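The values are calculated or read from the model by the stated rules, or taken from the named source; none is laboratory data. Computed from a predicted structure; not experimentally measured. When we count neighbours, we look across all protein chains shown, and the Cβ atoms used for this are built from the backbone with ideal geometry, even at glycine.
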Amino acid sequence: MTTHIPFNTLYAADHGWLQSRFHFSFAEYHDKSNMNCGALRVMNDDIIQPDTGFDTHPHKDMEIITYIIRGELTHQDSMGNKERLGRGAIQYLSAGTGITHSEKNEGDEEVHLIQTWILPKAKGLNPRYGSKVFDQETRHNRWLHLVGPVETDSAIPIYQDANMYVSELDKDKSLTFELKENRQLYLKVMEGKATINGVVVEQGDAAKISDEELHVDALSDVHILLVELEFPR
């Protein structure tokens, strides 16, 4: 089953310095019928204006993963990490017992990013931070495995049985993804346009997929983020 989630149906929050679309209930938006997709608790499509950003704030007991689409994001946290990340980079924060951090756009152009929160398998874990920068070729017309459970060989390990993949697919190219039993996919089209299992999905749209293989056919150059996780029965 494939469910199309158009961009214009997502909750919109405009704070001037920040424009967000919430895929699930978050902050002032609360819909008890749209709380999560399995362990995927939050997916926010954020645009941050230059010389602004999220001031230092706390998190606890959450796996927070940020993928940069364009611009450069500067991260700083209470564990002493500070770095600037650009297009195609991924950043991971396991908040665990507690951590504070800030996320700033110190550049001259907008930062566009997708932030996801995944519920950890347990509370009270040790906080961790990590990031990875990939060459574009590693995700060109193929799935790049970004995130996976700690026991796998993914680029960034998280404390949950969930995986994240990305691809930049050329126009008229196709990709498939085999979905195993009792698993589901949440797909985000970050740039471009494609058909997802025969459904036209445009930039900003999402799709939820269960009980069938994923088929992507690029109608333009397309940039896709894919979350694979357990389907609760």
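Inside segment 185-212, residues that are surrounded by fewer than 21 Cβ atoms within 10 Å (Cβ to Cβ), closer than 19 Å to LEU144 by Cβ and without any contact (Cβ under 8 Å) to a residue 60 or more places away in the chain make up a count of 1. I'm trying to understand the selection: among the residues of segment 62-74, which are closer than 18 Å to ILE99 by Cα and either aliphatic (A, V, I, L, M) or crowded, with 20+ Cβ neighbours inside 10 Å (or both)? Of everything in segment 62-74, those that are closer than 18 Å to ILE99 by Cα and either aliphatic (A, V, I, L, M) or crowded, with 20+ Cβ neighbours inside 10 Å (or both) turn out to be MET62, GLU63, ILE64, ILE65, THR66. Every test in (1) out of contact with any helix residue (DSSP H, G or I) (no Cβ under 8 Å at 6 or more places or on another chain); (2) outside any loop (DSSP other than H, G, I, E, B); (3) modelled with pLDDT of 95 or more is passed by TYR92 save one, and that test is (3).
The residue of segment 101-131 that is farthest from ILE69 (Cα to Cα), among those that are in contact (Cβ under 8 Å) with a residue 40 or more places away in the chain and charged (D, E, K, R), is LYS123.
If you filter segment 1-24 down to residues that are touching a residue at least 12 places away in the same chain (Cβ under 8 Å) and among the hydroxyl-bearing types (Ser, Thr, Tyr), you find that the one that is nearest to GLU191 (Cα to Cα) is SER20. Taken as a whole, the structure places LYS208 among residues that are assigned to a strand (DSSP E or B) and among the basic types (Lys, Arg). Screening ASN36, ASN105 for residues that are surrounded by 17 or more Cβ atoms within 10 Å (Cβ to Cβ), closer than 21 Å to HIS223 by Cβ and at pLDDT 95 or above leaves exactly one candidate, ASN105.
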